[in-house]
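To keep things clear, I will list the structure first and then write my remarks on it.
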Amino acid sequence: MISLADHIKVLGVTLDKHLTFDDHVKSVCKSAFYHIRAMRHIRPALTEDMAKTIASALVGARLDYANSVLVGVKTKNVARLQRSQNAVARVVALGTNR
């Protein structure tokens, strides 16, 4: 007998059997927060323009990729993604108070 998987990853999007995208959002946020923490360490050495460029690249690469599949997703998942975006904005703004 062939057992079915609970979720699969196709083109970087994690699909579960109920199409809730919980695992996908969790994976995206985990990756984004990893890079946000790394950016926080180097932020004092960056100019504001450099920090904005890195932040927009992070958002473009992590949060915006395949976001069209998230139409109609739960409010909980949208809030998770918004927290990631707010965190990267705080890291960019952090350097302006040096």
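Here are some notes:
- Taken about its Cα centre, the chain carries a charge dipole of roughly 360 debye when the Cβ of each Lys and Arg holds +1 and the Cβ of each Asp and Glu holds -1.
- The label-point distance for HIS7 and LEU19, in a model that sets each label 7 Å from Cα toward Cβ, rounds to 1.7 nm.
- Direction-averaged projected area, Cα convex hull, the chain: 7.3 nm², rounded to one decimal.
- The chain: most fluctuating residue of VAL28, VAL88, VAL13 per GNM, C-alpha cutoff 10 Å: VAL13
- Taking amide H as placed 1.01 Å from N in the peptide plane, VAL13 has no amide H partner under 5 Å among residues 5 or more places away or on another chain.
- Inter-part distance where the stretch 9-26 and the stretch 36-98 are each reduced to a Cα centre, Å: 21 Å
- Karplus-derived HN-Hα couplings along the stretch 4-9 (A = 6.51, B = -1.76, C = 1.60, θ = phi - 60°), whole Hz, x at Gly and Pro: 8, 7, 6, 8, 9, 10
- Across the stretch 68-83, rounded Karplus estimates of 3J(HN,Hα) from the backbone phi angles (6.51 cos²θ - 1.76 cosθ + 1.60, θ = phi - 60°) give 5, 6, 8, 5, x, 6, 4, 4, 4, 6, 5, 5, 4, 5, 5, 4 Hz, Gly and Pro being marked x.
- Virtual spin-label span in nm between TYR65 and ALA79, 7 Å along Cα→Cβ: 2.7 nm
Every number in this text was worked out from the coordinates using simple rules, so none of it is lab data. No experiment lies behind these values; they were computed from the predicted model shown. Positions of Cβ are generated from backbone atoms using ideal geometry, with glycine treated the same way; all protein chains shown enter the neighbour counts.
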